[in-house]
Amino acid sequence: MKKTALNHLHYEMGGKMVSFAGFDMPVQFEGVNVEHETVRRGVGVFDVSHMGEFWVEGPKAFDLVQKLTTNNVAALNDGKIQYTCFPNGKGGIVDDLLVYRFHKEKYLLVVNAANIDKDWDWVTKNTNGAKLTNASDATSQLAVQGPKALEAMQQLTDTPIVDMEYYTFKMVEFAGVKDVLLSTTGYTGAGGCEIYFKNEDAEKIYKAVLAAGEKYGIKPIGLAARDTLRLEMGFCLYGNDIDDSTSPIEASLGWITKFVDGNDFIDREYLEKQKTEGITRQLSAFEMTGKGIARQHYEICDINGNVIGEVTSGTMSPMLKKGIGMGYVAKSHMKLGTEIFIKIREKLVPAIIVKLPFYKKLV
């Protein structure tokens, strides 16, 4: 198993370690619910150094990123970020990712840990001569998330960050380390930032983050709470909600699939046809109205027990105190307010199709 530069600290802090995407990672420290609420109400820090980072540079950089991703890279200005996906040439998704624009000839692609090798192969296979660098093994990343995150992290840099717009980034000196990338992104819906730096600076920065957040109640957070937080917002998880067999249109990711002039990405014609002609299934969100927790691969049924879909993600929401989930549902049952049933231990448990996000921020 691979180890992040902070692996030894996770053991010292009592993290419960598991194998995830080929890495030895902390699934939890104090407990999922308390870690989840810490992020929703204050600030928590995740080691997400297992994520992948690819640099795309040179005169052909823009053309390559525009071809490989469904969102419109031409809409990005310097210092802006885009959520997007790689279509796979067969109507499915290679991965979902973030695109950071430094300038028209320099982009950073941030991809999922489990897909680093697959994504790198895909990018290099489709390259047009742009300069490509896989910096994944040399790069560490922290996600500092929660409503108090930016206020706490401001103590570690002289560059103003508290009022940064969502999905923007700056290169800053942070905790005495130069050339740190700080972006107002995250996978929790709780606000905050993600910070990228060299492996050799990881321990120094991690300890500084914990010290700066101490008066805000900062805690280390594991992967389990990362999953419950993202699901409360309805964010897709690759391998669960999206994969090589699901199209972005089916996955309710039409908002990152831009059919505009000049955006001739892979699979554009196929996906545009899906959008125009309609689809037979769609990733839909549901809340349990009966007692039970939906889990991945559970069958979704109609009132007569006929299978109309399958659960892709499900959990008990720590904030809502009810079962929530997502799954691909047949067109006949996709409408908001429609009653569906989740088959749990041969019993049909009622649920209802709802609008995302499940969790709306506290006033």
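Read-outs: derived from the displayed coordinates by stated rules, not from any lab. Since the structure is predicted, the reported quantities are computational estimates derived from the model, not experimental observations. Quick reminder, even Gly has a Cβ in these numbers, built from the backbone with ideal geometry, and neighbours come from all protein chains shown.
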query = Counting alpha carbon pairs within less than 8 Å and at least 6 residues apart, what relative contact order, in whole percent, applies to region 199-326?
reply = 22 percent
query = Where does the chain land at 222 nm, in deg cm²/dmol rounded to the nearest 500, when only DSSP H runs of n ≥ 4 count, each adding -39500 (n - 2.57), divided by all residues?
reply = -5500 deg cm²/dmol
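Taking Cα pairs under 8 Å and at least six residues apart, what relative contact order does region 28-102 come out at, in percent?
Computed value for region 28-102: 18 percent relative contact order.
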Paramagnetic reach from T133 in region 182-199 [backbone N under 14 Å; point 7 Å along Cα→Cβ] = 197-199
task = Report, ordered by chain and residue number, the aspartates and glutamates lying within cross-link reach of K335, taken as a straight Cα distance under 20 Å and ignoring same-chain residues fewer than 8 apart.
result = E232, D241, E250, E277, E287, E299, D302, E310
query = Out of N112, A75, G192, whose Cα points farthest toward the positive end of the dipole of the chain (charges: +1 Lys, Arg; -1 Asp, Glu; placed on Cβ)?
reply = G192
request  = Find the relative contact order for region 280-363 and round it to a whole percent, using C-alpha pairs within less than 8 Å whose residues are 6+ positions apart.
outcome  = 36 percent
note = Ranked output for segments 136-149, 117-130 by mean other Cβ atoms within 10 Å, highest leading, reads 136-149, 117-130
ask   = How far is it, in nm, from the label point at L320 to the one at D264 when both lie 7 Å from their Cα along the line to the Cβ?
value = 4.3 nm
Cross-link pairs beyond the 19 Å C-alpha cut-off, checked among K258/K355; K106/K131; K104/K178 = K258/K355; K104/K178
key: Sites K273 and D121, calculated FRET efficiency, Cβ-Cβ separation with R0 25 Å, nearest 0.05   = 0.35
task = Rank these for me by crowding, Y166, Y206, going from fewest to most other beta carbons within 10 Å.
result = Y166, Y206
request  = Can you tell me which of 156-164, 315-323 comes out highest on packing, and rank the rest after it, using the mean Cβ neighbours within 10 Å?
outcome  = 315-323, 156-164
request  = Taking a cut-off of 23 Å between Cα atoms, list the lysines near K219, but don't count ones fewer than 8 places away on the same chain.
outcome  = K3, K16, K148, K198, K204, K207, K321, K360, K361
key: Beta bridge orientation in the chain: antiparallel %, DSSP, nearest 5   = 95 percent
inquiry  = If packing is taken as the average number of other Cβ atoms within 10 Å across a peptide's residues, how do 170-182, 10-22 rank, most packed first?
reply    = 170-182, 10-22
task = Please name which of A21, F265, G254 has its Cα lying farthest along the dipole of the chain towards the positive end, using unit charges on Cβ (Lys, Arg +1; Asp, Glu -1) and the Cα centre as origin.
result = G254
Part-to-part distance (alpha-carbon centres) for region 323-363 and region 268-301, which is given in Å = 9 Å
task = Post the alpha-carbon centroid distance, region 196-243 to region 1-24, in whole angstrom.
result = 13 Å
message = Taking the alpha-carbon distance from K347 and a cut-off under 21 Å, which lysines remain once sequence neighbours fewer than 8 residues away in the same chain are dropped?
response = K291, K322
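Compute, for the chain, the length of the dipole vector about the Cα centre, with Cβ point charges of +1 (Lys, Arg) and -1 (Asp, Glu) only. Units Debye, rounded to 20.
Computed charge dipole of the chain: roughly 800 debye.
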